[in-house]
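Since the structure comes first, as structure tokens, the remarks are kept for the end.
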2 protein chains.
Amino acid sequence: MKCKKCGEKALLNMRHHNMALCKEHFIEWVPEQTARFIKKYWMFGPDEKVLVAVSGGKDSLSLWDILVRLGYQADGLYLGLGIDGGINYSHESQRLTEKFAQERNLRLHVVDIEKEYGYSIPVLAEISHRGHGRPCAVCGLAKRHEMNRIARDLGYDVLATGHNLDDEAAVLFGNTLQWYPEYLLRQGPVLDAADGLARKVKPLCRFYEREMTAYALARGIEYIYEECPFAEGSQQIFYKESLNQLENARPGTKLTFYLKFLEAKRSGELFVAKDADRKGLHACTQCGQATSAPGLCSFCRMLEKVKLDSQ
Amino acid sequence: MKCKKCGEKALLNMRHHNMALCKEHFIEWVPEQTARFIKKYWMFGPDEKVLVAVSGGKDSLSLWDILVRLGYQADGLYLGLGIDGGINYSHESQRLTEKFAQERNLRLHVVDIEKEYGYSIPVLAEISHRGHGRPCAVCGLAKRHEMNRIARDLGYDVLATGHNLDDEAAVLFGNTLQWYPEYLLRQGPVLDAADGLARKVKPLCRFYEREMTAYALARGIEYIYEECPFAEGSQQIFYKESLNQLENARPGTKLTFYLKFLEAKRSGELFVAKDADRKGLHACTQCGQATSAPGLCSFCRMLEKVKLDSQ
């Protein structure tokens, strides 16, 4: 297989694009495409301050690398979750994230959940009994809360996450199997800003996971290979496997599934035009962050419960 | 496993309903449920004349059996498609359908496509070059046309087909992977009558395929075991396998997928309220049947092409 642009040996064949590219052209193509997606979906402008949520994995570190290469003002936010899982997961991912930032002279904010709130994610999950034995629900809640908090406190306009096409398609697949109106109407590459919550964007939403792996490797980015030890056997991974089978039988299935969904939302021919943004929000009486119901936000409510239960 | 109603040995365990039933109670339960679905989705009333499209397979013969047991005026329509496939498929399915009708003293209309139009389905497909080597597109077109024609000419109010949950979920799955607004907005257990087209209904849409197999066997219905020889390797079967995997991992997935879709359509919370019925139709200048565009309907256009090409 030869590069479509120069005829050299290809690094990657992308059957869904009917295109193979060599290493050199591939690492040019990815940021070009990313810049196109950022514009197409109105993610952010050149003067906006971007906070990239970095986990130490290939997607988020690659996103940071791409945004910096494209000239955006992009700083990083690493959240220390206190997950060990026998592989020193959080420690190792933090080390790699800090190394990445130092080597490139980038600004990285580090927030450690245990230092900040007294408990690591697994402990919070255990005490609060949320999520049926998996800390994933508590982890998602805490990450959303902390990302919003830091973006607001430090004055960032936009929060960027490294979700790739496989992630987005799997979430869409799960939401579709259950036809959740509220999730389906909200899913997309951009969640608008509202009431002190920064805009959230997913600039990698149209790249396959294997494209992001190839990019990280081709750019020599050192990232943590392991998935979060708690992800194993999750619903999400099960949906990814289902979609992989469909993709293997018909290359492009995932991309079509996601893009036609976005197109159906845009056209107004299928879905009701419900506000995808976050209106009618209240300020949490504890932390001040916007939340859907009056009183405490879910995160502060969870913390309250944990404090009571651990007394 | 014991019958929930009488404690006898169960014939079938339905994990999605958390219920096992013995043979006797199962063959009572299926018509009870069918009657419930007929009412719930406003399919037809006790005085309406129903034409059941029967193929000789387990679903359509069971449907006919159920409707007759429920006291509806249900006649059968068998379409001779002229498919051999090395297993004498059409001949055998016609024989079993006629036997079913005779033994129960039911009225069966038989229309043979070749006698009516000069060509069998496989020949029509070959000459017309529709459907990429599979006659399935032509077959669907011809069946729809002939079912509508017979229902209109013989004054039936309703056309009932034996689509089960596995069929409906697979169609929905395919339409969802591509997010086709026109198909998604129209899919459901009922397609309203319009312009001389009889109402179309699917009273078995909430039964799993294995439930219908169990019903046919328990009722001693002799049906053709073979699938249509052209179905092998079809998209539809591929989607069914995908859904079966999801179902195996989480029993009830198919039922939830289909029912929550219907619920999302009903609630108006997700989909636009487009007319699901067939408005703005024209009469075909050849056969008079309602069709979406002026001039010939697709079936008559296909026949014209075949006549030209075979001259």
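Every read-out reported here was derived from the displayed coordinates using simple, explicitly stated rules and does not represent laboratory data. Quick caveat, the model's predicted, so the values are computed rather than measured. Because the Cβ atoms are built from the backbone with ideal geometry, glycine has one as well, and the counts that use them run over all protein chains shown.
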When the chain is fully extended, how far beyond the present Cα-Cα distance does B:LYS9 get from B:GLU226, taking 0.36 nm per residue of separation?
-> 75.2 nm
Helix A:298-309: inclination vs chain A longest Cα principal axis, degrees, rounded to 10, gives 50
What shape does region A:179-311 take by its C-alpha gyration tensor, where a ≥ b ≥ c are the square roots of the eigenvalues and a/c under 1.5 counts as rounded, a/b above b/c as prolate, and the rest as oblate?
-> oblate
Find the percent of Cα-Cα distances in chain A that exceed 27 Å, and round it to a whole number.
-> 46
Charges only on Cβ, +1 for Lys and Arg, -1 for Asp and Glu: so what's the dipole of chain B about the Cα centre, in debye to the nearest 20?
-> 860
Inter-copy label distances at A:GLN102, 7 Å along the Cα→beta-carbon direction, one decimal in nm, shortest first?
-> 8.9
Any idea what the relative contact order of chain B is, in percent, if you count C-alpha pairs under 8 Å spaced at least 6 apart?
-> 19
What residues have an amide H closer than 5 Å to that of B:LEU108, excluding those fewer than 5 places away on the same chain, when H is modeled at 1.01 Å from N in the peptide plane?
-> B:GLY76
Along Cα→Cβ at 7 Å, what distances in nm separate the A:LEU217 label point from those on the other copies, shortest first?
-> 4.8
Between 0 and 90°, nearest 10: helix A:165-178 axis offset from chain A longest Cα axis | 60
Just need the relative contact order of region A:109-248 here, percent rounded to a whole number, with Cα pairs under 8 Å and 6+ apart.
-> 23
Provide the percentage of antiparallel DSSP beta bridges, counting only those with both residues in chain A; round to the nearest 5.
-> 35
Considering amide H positions built from the backbone, and no H for Pro or chain starts, which residues 5 or more places from A:MET14, or on another chain, come under 5 Å of its amide H?
-> A:MET19, A:ALA20, A:LEU21
Sequence of A:LEU154, A:LEU11 once ranked by neighbouring C-beta atoms within 10 Å, starting from the fewest = A:LEU154, A:LEU11
Going by C-beta contacts inside 10 Å, put A:HIS25, B:HIS109 in order with the fewest on the left.
-> B:HIS109, A:HIS25
For region A:51-84 and region B:61-107, distance of Cα centres in Å | 64
To the nearest 0.05, how large is the calculated FRET efficiency for A:ASN244 and B:ARG210 if R₀ is 35 Å and r is the Cβ-Cβ distance?
-> 0.85
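Could you calculate the FRET efficiency of A:ALA283 with A:GLN178 from 1/(1 + (r/R0)^6), where r is the beta carbon distance between them and R0 is 35 Å, rounded to 0.05?
Values: r = 31 Å, r/R0 = 0.88.
Plugging the Cβ-Cβ distance into 1/(1 + (r/R0)^6) gives 0.70.
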Integer Hz, Karplus 6.51/-1.76/1.60 couplings in order for region A:121-129, x for Gly and Pro = 4, x, 6, 4, 5, 5, 5, 7, 6
Provide the net charge surrounding B:GLN73, with neighbours chosen by a C-beta distance below 12 Å and charges set as Lys +1, Arg +1, Asp -1, Glu -1.
-> -2
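Looking only at chymotrypsin sites (Phe, Trp or Tyr not before Pro) in DSSP loops with at most 13 other Cβ atoms within 10 Å, what is the longest site-free stretch of chain A? Provide the component values of the computation, followed by the final result.
Numbers: sites that count: A:TRP42, A:TYR225.
Free of exposed loop sites, the longest segment is A:43-224.
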Projected onto the charge dipole of the protein assembly as shown (+1 at Lys/Arg Cβ, -1 at Asp/Glu Cβ, origin at the Cα centre), which of A:VAL50, A:PHE230, B:ASN164 gives the Cα projection farthest towards the positive end?
-> A:VAL50
Let me know the charge dipole size of the protein assembly as shown about its Cα centre in debye, to the nearest 20, where only the beta-carbon of Lys, Arg (+1) and Asp, Glu (-1) is charged.
-> 700
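Quick check on region B:118-182: take the gyration tensor over C-alpha atoms, sort the square-rooted eigenvalues as a ≥ b ≥ c, and tell me if it's rounded (a/c under 1.5), prolate or oblate. Numbers along the way, then the final one.
Values: a/c = 2.30, a/b = 1.08, b/c = 2.13.
Oblate.
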Could you list log10 I(q)/I(0) for the protein assembly as shown at q = 0.05, 0.10, 0.11 Å⁻¹, which the Debye formula gives when each Cα is one point scatterer?
-> -0.30, -1.01, -1.13
Shortest first and in nm, the label-point separations between A:LYS2 and its counterparts in the other identical copies (7 Å out along Cα→Cβ) come to 7.5
Region B:33-44 - phi-based ³J(HN,Hα) in whole Hz, Karplus 6.51/-1.76/1.60, Gly and Pro as x | 5, 4, 4, 5, 5, 4, 6, 4, 9, 6, 6, 6
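Antiparallel versus total DSSP beta bridges in the protein assembly as shown: what percent is that, nearest 5?
35
Please compute the net charge surrounding A:ASN13, taking Lys and Arg as +1 and Asp and Glu as -1 over other residues with Cβ under 12 Å from its Cβ.
Around A:ASN13, the surrounding residues sum to +4.
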Determine the calculated [θ] at 222 nm for the protein assembly as shown from helices alone, applying -39500 (n - 2.57) to every DSSP H run no shorter than 4 residues and normalising by the residue count; nearest 500 deg cm²/dmol.
-> -15000 deg cm²/dmol
In order through region B:260-271: 3J(HN,Hα) via Karplus (6.51 cos²θ - 1.76 cosθ + 1.60), integer Hz, x for Gly, Pro = 5, 5, 4, 5, 5, 5, 5, 6, x, 7, 10, 9
Dipole magnitude of region B:44-91, debye to nearest 20 (Cβ charges: Lys/Arg +1, Asp/Glu -1, about Cα centre) = 80
Using modelled amide H (1.01 Å from N, peptide plane; none on Pro or chain starts), what sits under 5 Å from the amide H of A:GLY56, excluding residues fewer than 5 places away?
-> A:LEU61
What is the helix-to-structure angle for B:235-249, meaning the angle in degrees between its Cα long axis and the longest Cα principal axis of chain B, kept from 0 to 90 and rounded to the nearest 10?
-> 10
